[in-house]
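Everything on this sheet refers to the single structure shown next.
The values are calculated or read from the model by the stated rules, or taken from the named source; none is laboratory data. For clarity, every value in this text was computed on a predicted model and none was experimentally measured. Here the Cβ positions follow ideal geometry from the backbone for every residue, glycine too, while neighbour counts run over all protein chains shown.
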Ligand SMILES: Cc1cc2nc3c(=O)[nH]c(=O)nc-3n(C[C@H](O)[C@H](O)[C@H](O)COP(=O)(O)OP(=O)(O)OC[C@H]3O[C@@H](n4cnc5c(N)ncnc54)[C@H](O)[C@@H]3O)c2cc1C
């Protein structure tokens, strides 16, 4: 016998976007259910794996103070820089080759600060982001990544804070409940068919918000949409984002939007497990390649490691690693930059070799042509513009001349022992393709662009924001902005039907 539940708003997923949607729907007076495919132990989606940096627009101290309370010492001793709305737009436009949807990006950027204050009002705690892209410069703490604030406890902390808020506001969470299809009442979405411990369960609702991620954990869909080879990528986060929500919505006539053959993917430890491990979180990533060289099986470099700060290249370089023979690349560093390597280079589960000479290192780089590697390093060392000062807090313009690909910034000769190398492959984070929504209320539209009554969506499932690349820290903010909008839209629609 099918079990039936009735709510005002049914939200599918339990990551950041879903929790924001649920809290926002509840603000409209709705009775809300959250359906989470994972058990309570594994719940939280990719949001739980996130490092927790968040990119929002701020023009100065007053804006930052809306998000976290800065002490007089913080203010006196720090240079927070800015991430004005113009800077945020510039980054988003440049990285997406000007493809990002104008209305979606406008909504994201213009509401990004306000949503941070809203998250704070829900109990989320933010702290200064000392660990990443900050350094002491002339006695002041300089934050040079346009992201001076992160969630306390990272993505896992964010999910915990929002969980607590959901409990306080009486939102029902159904774990181990996988949404399978939409319940239709004529042309209107009226709920979700789900399975729970081998049983069919119906969740009826006046509105449904889909916030259950992309198809990054589904090898078949990756190959189908991203292309051959993508089945070989490792999954950085949850194993539960199987594309279920996208399939359900497309089956109901929803319009796809965005870069369906594109994904966020980074360098990731070669021997990391097939899916993310919550105990390691994001630490299999290796984001300090800007200070070293990326070497493939042929002993060659294949990207400009120093094209920009890692925030603006890391999300596309995973895909470049996947294209290399054997789908791997070694990141090679010398002792001059050891102190600059991020914390993820010091974890226990790591694929690392060290050597006192480059020749010894060449023999240890498994799978790499040693002769070609040494020739690559010789050519690179000869090409470094040694007269330009090295400064990791700015794009220092210390590049190479006469080699392809060039290294545009932070180029230093590889000559100081000990040498360390880290083996990486491609780790996929999330897929860019999604559904077309009305940015004003988060409502999904059909292929003829008519709103689908009762259907809303948020988070990774929203298509049209990211193409080819992505500025770090935008996923969580986008999940919160569009989660809040979709929850409000769904809550208001439910109220109108009462
Ligand atoms: C390792 C890593 C590090 C990251 N670091 C950052 C960072 O520092 N800053 C940042 O902004 N972004 C970061 N991101 C990206 C960010 O985590 C995502 O963009 C964001 O969390 C997506 O939120 P979401 O709510 O849309 O999806 P998710 O958080 O993935 O939530 C989707 C939810 O849907 C559930 N679900 C799936 N299918 C079903 C179904 N059929 N029925 C019911 N439930 C279902 C899943 O179990 C999950 O709970 C990182 C991602 C990873 C993997």
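Listed values, structure above:
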{"item": "Residue 238 vs. criteria over 20 Å from residue 422 (Cβ atoms) and either within 8 Å of the ligand (Cβ to nearest atom) or crowded, with 24+ Cβ neighbours inside 10 Å (or both)", "result": "yes"}
{"item": "Test: residue in the range 272-280 that is crowded, with 24+ Cβ neighbours inside 10 Å, in contact with a strand residue (DSSP E or B) (Cβ under 9 Å, 6 or more places away or on another chain) and not in a loop (DSSP other than H, G, I, E, B)", "result": "no"}
{"item": "Matching option when the condition is away from the ligand (no atom under 14 Å from the Cβ), part of a helix (DSSP H, G or I) and modelled with pLDDT under 95, among 63, 74", "result": "74"}
{"item": "Of residues in the range 426-439 being surrounded by fewer than 24 Cβ atoms within 10 Å (Cβ to Cβ) and touching a residue at least 60 places away in the same chain (Cβ under 8 Å), the one farthest from residue 91 (Cα to Cα)", "result": "436"}
{"item": "Residue, surrounded by the fewest Cβ atoms within 10 Å (Cβ to Cβ), within the range 241-271, restricted to residues that are in a loop (DSSP other than H, G, I, E, B) and within 10 Å of the ligand (Cβ to nearest atom)", "result": "242"}
{"item": "Residue 278 modelled with pLDDT of 95 or more, within 15 Å of the ligand (Cβ to nearest atom) and within 20 Å of residue 51 (Cα to Cα)", "result": "no"}
{"item": "Filter result (farther than 11 Å from residue 274 by Cα and surrounded by fewer than 23 Cβ atoms within 10 Å (Cβ to Cβ)) within the range 219-229", "result": "220, 221, 223, 224, 225, 227, 228, 229"}
{"item": "Residue match in the range 174-191 (condition: within 30 Å of residue 68 (Cβ to Cβ), touching a helix residue (DSSP H, G or I) at 6+ places or on another chain (Cβ under 8 Å) and within 15 Å of the ligand (Cβ to nearest atom))", "result": "no"}
{"item": "Scan of the range 156-184 for residues that are part of a strand (DSSP E or B) and in contact (Cβ under 8 Å) with a residue 24 or more places away in the chain, ordered by number", "result": "172, 173, 174, 177, 178, 179, 180, 181, 182, 184"}
{"item": "Hey, residue 86 free of Cβ contacts under 8 Å to residues at least 40 places away in the same chain, within 16 Å of the ligand (Cβ to nearest atom) and under 22 Å from the mean Cα position of the chain (by Cα) or not", "result": "no"}
{"item": "From the options 473, 442, 463, 454, residue that is more than 13 Å from the ligand (Cβ to nearest atom) and buried (at least 22 other Cβ atoms within 10 Å of the Cβ)", "result": "454"}
{"item": "Set 363, 354: member being free of Cβ contacts under 8 Å to residues at least 40 places away in the same chain and either more than 29 Å from residue 471 (Cα to Cα) or part of a loop (DSSP other than H, G, I, E, B) (or both)", "result": "363"}
{"item": "Some residue of the range 405-424 being modelled with pLDDT of 95 or more, exposed (fewer than 13 other Cβ atoms within 10 Å of the Cβ) and not in a helix (DSSP H, G or I)", "result": "no"}
{"item": "Residue that is farthest from residue 127 (Cα to Cα), among those in the range 39-53 that are part of a loop (DSSP other than H, G, I, E, B) and near the ligand (Cβ under 7 Å from one of its atoms)", "result": "43"}
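One line per residue, one yes/no per condition, for (1) under 30 Å from residue 239 (Cα atoms); (2) more than 14 Å from the ligand (Cβ to nearest atom); (3) crowded, with 18+ Cβ neighbours inside 10 Å:
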site: 3; (1), (2), (3): yes, yes, no
site: 7; (1), (2), (3): yes, yes, yes
site: 26; (1), (2), (3): yes, yes, yes
site: 32; (1), (2), (3): yes, yes, yes
site: 55; (1), (2), (3): yes, no, yes
site: 58; (1), (2), (3): no, yes, yes
